[in-house]
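Heads up: the structure comes next, in C-alpha cells.
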Amino acid sequence: MRRLARLEEIARSHPGVAEVYAMQAGREVRVMVRPDAVDDLGAELIAREVARQVSAELTCPGQIGVTVIRESRATAVAG
C-alpha cells in the first residue's frame, strides 16, 4: 500500500496533474492532466519525469508503465 501511495504522490507533485490512478497492483500509473494547463509536449515530459522519479525512489520488481492522458472534448447541440 505504501508503494502505491508513493507512486501516486510522485505523479501528483507535477503541475497540471488532475487525477492519478495506480493500477494493476502498482504495475501501471495513469496520470490525467488538465488540457488547459499541459500541452502535448508537456504531457510527454511529465511521463518521462514520473518514470525517472519512480525508478530513482522506489525499488520494484519488474517494470512500471506510466501513461499520461491529456483529453479535451467539445460538444454542441443543434436543434
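The values are calculated or read from the model by the stated rules, or taken from the named source; none is laboratory data. Please read all numbers here as calculations on a predicted model, not as lab measurements. Neighbour counts run over all protein chains shown; Cβ positions are idealised from the backbone, glycine included.
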Can you give me the number of residues within region 19-36 that are over 11 Å from V68 (Cβ atoms) and of a type in the set (A, V, I, L, M)?
3
Out of region 43-77, which residues are closer than 16 Å to G16 by Cα and of a type in the set (D, E, K, R)?
E44, R48, E49, R70, E71
If you go through region 39-63 one residue at a time, how many are surrounded by 15 or more Cβ atoms within 10 Å (Cβ to Cβ) and touching a Leu at 6+ places or on another chain (Cβ under 9 Å)?
2
Residues satisfying the stated conditions in region 46-70, i.e. of a type outside the set (K, R), over 14 Å from I10 (Cα atoms) and modelled with pLDDT of 90 or more
I69
Would you please list the contacts, defined by Cβ atoms under 7 Å and residues six or more apart or on different chains, that run from a residue in region 1-30 that is on the phi > 0 side of the Ramachandran plot to a residue that is outside any helix (DSSP H, G or I) and charged (D, E, K, R)?
G16/R34
